[in-house]
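All remarks here apply to the structure that follows.
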Amino acid sequence: MPGDKAKVFDWGLFKDDITTPKSITMQSATVVCRYGKKSKTIDQEGYWLYPDLVDVRFDYRPELVSHGHFTNGIEVKGE
């Protein structure tokens, strides 16, 4: 998956559900890496492993890497 092109939600572009449609927030990016991360749940059930996160580099701002996107939430091009 690293090196794959994908459409990824960019939370920095989101303002609200009315003025920012999916066509604005889903931006073209390149996957930098894929990994898991532990996160404590709000419901106090303990720690859960999220084994499918990716870091991406958005095409429109290649100088920054955006961390912690859920893999099942991206649209990999060519699939």
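Brief remarks on what is shown
- Simple label model, 7 Å out from Cα along Cβ direction - residue 23 to residue 1, nm: 2.8 nm
- For residue 76, the residues 5 or more places off, or on other chains, whose built amide H falls under 5 Å of its own are 7.
- Under 5 Å from the amide H of residue 4 lie the amide H atoms of 31, each residue being 5 or more positions distant or on a separate chain, with H modelled from the backbone and absent for Pro and chain starts.
- With a simple spin-label model that places each label point 7 Å from the Cα along the Cα-to-Cβ direction, the separation between residue 76 and residue 16 comes to 3.7 nm.
Computed from the coordinates by the stated procedures, all read-outs in this text should not be read as laboratory data. Just so it is clear, the model here is predicted, and its values are computed rather than measured. Positions of Cβ are generated from backbone atoms using ideal geometry, with glycine treated the same way; all protein chains shown enter the neighbour counts.
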